[in-house]
Amino acid sequence: MSQLRQRLSALRQQSGAQAAAGVPPPIAERIRRARIGHKRPPDNDPSDLAATLAQAVGGEAIGPGVLRITTQVPLRSNHGDWCLHALLHSPRSLPAAIDVAANGLLFFDTETTGLAGGSGTLAFMVGFAAIRGDCLRVDQYLLSSFAGESAMLRALCEHTSSAQHLVSFNGKCFDAPLMATRARLNGVTLGFDDLAHIDLLYPLRTAFASRWPDCRLASAEARLLGFVRCDDLPGAEAPQAWFDYVHRGDVEALARVVEHNRWDLVSLAALLPALDRTFAEPHRYGADVGAVARAHLRRGQTHRAQQLLDTDGAWQSESACLALAASLRRDGDLDGALRLWKRLTRQGSARAAEYLAKYYEHVERDYIRALQLTQRLPEGPTRHARAQRLRRKMKPQGIRVRVAQLD
Amino acid sequence: MENSLMSRPAEQWADVEQVDPVRRLVIDLKAKYAKRITGELILPARAPALTNLPEELNPKLSEALRVRGVHQLYAHQRLAWERVRNGEHVVIATPTASGKTLCYNLPVLQAALEHQAKALYLFPTKALSQDQVAELTELNKAAELGIRAFTFDGDTPGDARKAVRTRGDIVVSNPDMLHQGILPHHTKWAQFFENLRYVVVDELHTYRGVFGSHVANVMRRLRRVCTFYGSDPVFILCSATIANPAELAERLIEAKVSAITDSGAPHGERHLLLWNPPVINPDLGIRASARSQTTRIARTAVKRGLKSILFAQTRLMVEVLTKYLKDVFDNDPRRPARVRAYRGGYLPTERRETERALRAGRIDCVIATSALELGVDIGALDVAVLNGYPGTIAATWQRLGRAGRRQRPSLGVLVASSQPLDQYIVRNPEFFLGASPEHARIDPDQLLILLDHVRCAAFELPFDDGERFGKENLTELLQYLQEQGVLHQEGKRWYWSADSYPANSVSLRSVAEGNFVVIDTTDGAKTVVAEVDYSSVPMTLYEGAIYMIQASPYQVEKLDWAGRKAFVRRTRADYYTDAIDYTRLKILERFDRAECGNQETALGEVHLVRRIPGYKKIRYYTHENVGYGNINLPDQEMHTSAVWWRLAHEALAESFPSRHEALDGFLGAAYAMHHVAALCSMAEPQDIGRAVGDGEGTWFATVGPHGRGQLRSANGEEMDPEHAPRFQPAVFLYDNYPGGMGLAAPLYEQRADIVRDAARLVRDCGCRYGCPACVGPILASDEQRGYSPKQAALSVLGLFIRHEST
């Protein structure tokens, strides 16, 4: 053993980054490694360790290597500025969630051994939250050993089988594929694929990407929910907490991960009605009105977009207004479209002027007006070609216009 | 596939001779340079051996072949079909352009049509993958087979990857991508692995040395993942000519492999000339440079309208030759370039452009390193000139094979340099023309490499007690990794327990890690113009170095070692630079020794420190030394295995009047032994290093700027040998990879042959005092030493022999 180790450590020194950089690893790193070597309790009975962990996190063992922590959060309680009770009303405005039934919602969040992805990354904790009676029931599953994964995954199936919608934060890109990998490795069918998946990160980005410096869940808590966590363990430290437990039997940090994950789930539950309100009244919550209106348009909710855009003179939403106008025209509401184009043109939008010019040229055949509008387009070959064509069309009608007159 | 084409009957050659420009060139060269041509070989044109298409071949597939003009198969293609269909792993080792592709495409396409079976194709480079998919697409189009073949590599866009994984029937990739992108994400490929029937490994001969040892471990991982998904694919491997294709294939995939080596494909007449540059200084045995002869032959060929390829040994020589030929053919900048360089380190886009231009016949002469040895499709060329012996017989044939068409004659010229191996080969043409190509060696259980892949494999799937992976004790490796904090043992399983993605920190191409990028800062811009691997950086990218790209010189202004960057600027220098290398060794442990009195030959582990203290500036054309520069780089250290020959203090004092003379003898002997050792062990010379020193690391010997042996202390200062504290020099031949690739043990086995053949090489050399072909270059002033360096080397070798025989 020792001979092989010596060979290895000697060889590794010559083959790369470390020798090249010429500096030994930081002391902290060396100490950490040393501690792994010394404090790791190889002789600890795994069931003792699991019991210690169960006690520290307030959970019960539901099988070898898996703990479940169940918490009931009354719906009448507040989470920041929002009452969880709002969850009982089906969303009316959030495009991805309109009319989904409250009792079919399954909120979902994982804690993993890293962000690297691949089959070596493990979800050591999976949390679900669902409405049960007048409470939000939070069920968190925590591995007390690697071997418990298969039992944990099977326990998760009970939750997915009674739900219709999975609700997550960045779950589409991260948690769901990771769980699919874990399920495939363990030969378990999770049933995630049968559920519609509402990932709240996307509507949050739609509404606030241009307003906030970032769209992390913590920002949503601070800026939209009005919720502040005390003494929270940052999510990035979760992997180390699990490794400290695995390598050394430390349970303290892992207990804080449980707390962190529970807060994530409750925030997720509060975020759904909050985002629904944001999509109904974006101005009120400081959201990007144009972006929200465009989201409604994409879902075919033209009237909602119209409500948001056709009322005030929000110049910043030029592209949204143009999208709305295009949508109105498609729906046959040409007057609605014209009203928008005219307003935008008044506000100085060259793109709207171009739409109007096309309209006057091809529909009304009012070449003078079209030529007038053409003058508002930016200098360039397009503008020149359009003006030329309009002049040509006017000739047979005996119309002569000097542009100066028009201005 | 041009199977339908037949070579012409022999009687027609008479009138071809009148017009065929290659034959004319051969005749003219022989007439004009008869003395320089030491050997000639003519391989007659060969007719194809054809068989019918297999009866069970899917009708759509036969239709596709017919549309592409293939009505019959070559014998070796049919044999491959039968063995593969029979479930055997096969390796096909037939010459370049013999239709190897069809050997694997047919069974793969058949299985895809019959059972929706999937196949994975692995090529060593991305360029080859792209060629392959283009070929498959054409076959597919020919009869609407409906087979989907996709490349999957670093260039595959993120949104296309899912389609490749789930819809691809044939996925074409490379070992690096399999290692970093596919295996660590195997669950996403579950469907693919469940139905994986065939794995195709083309260019097998490139999987040797470090790279091959890594890839063998990637194959272990691949088979482990396949087992998890319940599949057991058949491997179809293709190789250029090497001595041991079946052995290499079996080591690579660790299973029985049957070899197919007889080609049924036709080829045109081939001429091969062995060319020795003329002696220009008989006393010193100095010959004209290979470079001058290569450019001369290339000029003649290109002027006669023959498409030519030149192979050089180093990137530097590629640039020098390119410059000389561009000076002749590309002196008008308004015209498109007729001459181009092709080598590793150029950006992929530039290389692709050169390949396209070659295929389209827009380039008349390309100068390349081994980078063009591989099966990159560059169309057919007429003449191949090798500037120096490539170091192995296999590589020589492979490079010569780049010239050669199905129906027309082609010419290959091997121009010898003054290196001993080259001289040995051109002086003994019968040796080269009759020799078997080399054995390709890999050492999949090299400890560092194995450890890297145990980490990667543990990430992919937990290890179970009792599982096998490589030949070292797996449990010990797993325990070591647990101590490193990346694994955790729980019950009978070992789980990955770290927040990292181990494959990202393992490069298959080297033992060391981290490529350097070369950044051009001319005109204030910052453009990446090249990439250089870690191990060649100290010799090529030191501050002050002239680094050449397409024969344009760039000067290295700053080397950021930690950031892996070199900043260069265009320059107009009329010189190039060559680094000086000081290597000292310390013996750590003897594994074995053959001893006689105080003299020994031993095998053991050594600690090696390489310092690059400076560089020489060498002027173009005259090749005179126009200055020196200092290099300030960290020392490169490694542990490796070595063989050494050492003489006792007393034996030396008896045989040599002065220590200077003894030192020159050792340096000369080491030079000859190094080259003979490369030949004996069938390794490439750069895989083996040589050094002369005391084995304690207190001093080492080098050839100084004036051609004389010098003694230098550990910190590089010159010492007087007469005052050295303990003067007991040894010749070291070491394995040039950290940890060793298993080259030293075979050298130790052949220690007697190495010394005897080195003595013969020196004794039989025609020079008087020594020359680059035997004991290394000596200078005119050496006559004034009062002794012959050649004789000194012979004395040292004689003493070694005496001890070997007792």
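No lab work stands behind these numbers, since they all come straight from the coordinates. Keep in mind it's a predicted model, so treat the numbers as computed, not measured. No Cβ is skipped: glycine too gets one built from the backbone with ideal geometry, and neighbour counts run over all protein chains shown.
Some notes on this structure:
- Label-to-label distance for B:T349 and B:S505 is 3.3 nm, based on points extended 7 Å past Cα in the beta-carbon direction.
- Reachable lysines from B:K790, criterion Cα separation under 27 angstrom, eight or more residues apart if same chain: B:K35, B:K616
- Rounded, prolate or oblate (a/c below 1.5 giving rounded, otherwise prolate when a/b exceeds b/c) for segment B:50-260 by Cα gyration tensor: oblate
- Counting Cβ atoms of other protein chains within 10 Å of each residue's Cβ and taking the mean over peptide B:445-458 gives 2.
- Contact order for chain B, expressed relative to its length and based on alpha carbon pairs under 8 Å spaced 6+ residues apart, stands at 11 percent.
- Exposure proxy order (Cβ contacts within 10 Å, fewest to most) of B:I449, B:I42: B:I42, B:I449
- Structural descriptor for segment B:525-646: relative contact order 21 percent, calculated from alpha carbon pairs under 8 angstrom and at least 6 residues apart.
- Among B:S292, B:S655, B:V537 - extreme Cα towards positive end, dipole of chain B, charges at beta-carbon: B:S292
- By the count of neighbouring beta-carbon atoms within 10 Å, fewest first, B:H271, B:H205 end up ordered B:H271, B:H205.
- Tail weight of P(r) past 49 Å, computed on alpha-carbon pairs of chain B, percent: 20
- Cut-off 12 Å between beta-carbons: net charge of the residues surrounding B:T475, Lys and Arg +1, Asp and Glu -1: -3
- Placing R0 at 35 angstrom, the Cβ-Cβ distance between B:R148 and A:I98 gives a FRET efficiency of 0.35 after rounding to 0.05.
- Available extension along the chain between B:E696 and B:E472 is 77.6 nm, counting 0.36 nm per residue and deducting the alpha carbon span.
- Square roots of 5 times each gyration tensor eigenvalue, C-alpha, the protein assembly as shown, largest first, Å: 63, 43, 32
- Checking Cβ-Cβ separations below 4.7 Å across chain B identifies B:C103, B:C226, B:C238, B:C365, B:C456, B:C596, B:C680 as cysteines lacking any candidate disulfide partner.
- The calculated FRET efficiency for the pair B:A255 and B:N515, based on their C-beta separation and a Förster distance of 45 Å, comes to about 0.85.
- Comparing B:Y480, B:T601, B:P429 along the charge dipole axis of chain B, the residue lying farthest to the positive side is B:P429, per the Cβ-charge model.
- Label-point separation, A:I368 to A:N186 (7 Å along Cα→Cβ), nm: 7.8
- Note on A:D48 and A:H85: the extension gain reaches 9.3 nm, defined as 0.36 nm multiplied by sequence separation minus the Cα-Cα distance.
- Candidates B:P420, B:P613, B:N625 compared by Cα position along the dipole of the protein assembly as shown: farthest toward the positive end lies B:N625, with charges placed on Cβ.
- DSSP bridge pairs, the protein assembly as shown: antiparallel proportion in percent, nearest 5: 65
- Cubic angstrom per residue, convex hull over Cα atoms of segment A:46-280: 117
- Simple point charges give the picture: +1 on the Cβ of Lys and Arg, -1 on the Cβ of Asp and Glu, and for segment B:50-260 a dipole about the Cα centre of about 380 debye.
- For B:R343, B:R224, order by how many other beta-carbon atoms lie within 10 Å, fewest first: B:R224, B:R343
- Reachable aspartates and glutamates, given that their alpha-carbon falls under 18 Å from the alpha-carbon of B:K100 and they are not under 8 places away in the same chain: B:E2, B:E82, B:E88, B:D131, B:E135, B:E138, B:D202, B:E203, B:D262, B:E373, B:D377
- Length released on extending from A:R229 to A:S77, taking residue separation times 0.36 nm less the Cα-Cα span: 53.1 nm
- Magnitude of the charge dipole, segment B:472-592, Cβ model with Lys/Arg +1 and Asp/Glu -1, debye to 20: 240
- Using the Karplus relation 6.51 cos²θ - 1.76 cosθ + 1.60 with θ = phi - 60°, the per-residue 3J(HN,Hα) values for segment B:725-741 come to x, 10, 9, 9, x, 9, 8, 10, 10, 10, 6, 7, 10, x, x, x, 10 Hz, with x marking Gly and Pro.
- Over the protein assembly as shown, DSSP H runs of length four or greater, each weighted -39,500 (n - 2.57), average out per residue to a 222 nm ellipticity of -12000 deg cm²/dmol.
- Around the Cα centre of the protein assembly as shown, unit charges on the Cβ atoms of Lys, Arg, Asp and Glu (plus for the first two, minus for the last two) sum to a dipole of about 5100 debye.
- Working from Cα pairs under 8 Å separated by at least six residues, relative contact order for segment B:18-82 is 31 percent.
- Residue by residue along A:113-126, Cβ atoms of other protein chains within 10 Å of the local Cβ number 6 on average.
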